[in-house]
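**Student:** Dropping a structure here in structure tokens format, bear with me for questions.
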Amino acid sequence: MDNLPEEMTLAIEIIRQLENLDYPPETILQAMTIICQDTLNKLSDSDRKKWQQFLLGSFNQSQ
């Protein structure tokens, strides 16, 4: 994991923690939505819009 980008390492750690907590997938998704909204609200308006577009594009590509 030393060679992975920081965001990938963080994602792996979060996934491991969530798996250990044994919450249903729906609860995890609801919590992740709250986390995304909270994090987006900490950004400037221009960065927030950029990230909103990026996130929407990411979800559209995964379908």
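The values are calculated or read from the model by the stated rules, or taken from the named source; none is laboratory data. A quick note: this is a predicted structure, and the numbers were derived from the prediction, not measured. Cβ atoms come from the backbone with ideal geometry, glycine included; neighbour counts cover every protein chain shown.
**Student:** Quick one: count up the residues across segment 1-35 that are in contact with a helix residue (DSSP H, G or I) (Cβ under 7 Å, 6 or more places away or on another chain) and surrounded by 10 or more Cβ atoms within 10 Å (Cβ to Cβ). Don't jump to the end; show me each part of the working.
**Tutor:** Kept after step one, since they are in contact with a helix residue (DSSP H, G or I) (Cβ under 7 Å, 6 or more places away or on another chain), are these residues of segment 1-35: 1, 18, 28.
Going one step further and asking which of them are surrounded by 10 or more Cβ atoms within 10 Å (Cβ to Cβ), we end up with 18, 28.
Here the count works out to 2.
**Student:** Collect the residues in segment 38-61 that are more than 23 Å from residue 1 (Cβ to Cβ), loosely packed, with under 10 Cβ neighbours inside 10 Å and polar (S, T, N, Q), keeping them in residue-number order.
**Tutor:** Correct list: 41, 44, 46, 60, 61.
**Student:** Pairs please, first residue from segment 44-63 and under 18 Å from residue 32 (Cα atoms), second anywhere and at pLDDT 95 or above and surrounded by 12 or more Cβ atoms within 10 Å (Cβ to Cβ), Cβ atoms under 8 Å, 6+ apart in sequence or on different chains.
**Tutor:** Close Cβ pairs satisfying both conditions: 48/40; 51/40; 51/43; 52/40; 55/36.
**Student:** Also, I was wondering about something else. Search segment 1-18 for residues that are free of Cβ contacts under 8 Å to residues at least 24 places away in the same chain and pair each with any residue that is surrounded by 10 or more Cβ atoms within 10 Å (Cβ to Cβ) when their beta-carbon atoms are under 7 Å apart and the residues are at least 6 apart or on different chains.
**Tutor:** If the second residue must be surrounded by 10 or more Cβ atoms within 10 Å (Cβ to Cβ), the pairs left are 1/9; 1/12; 18/28.
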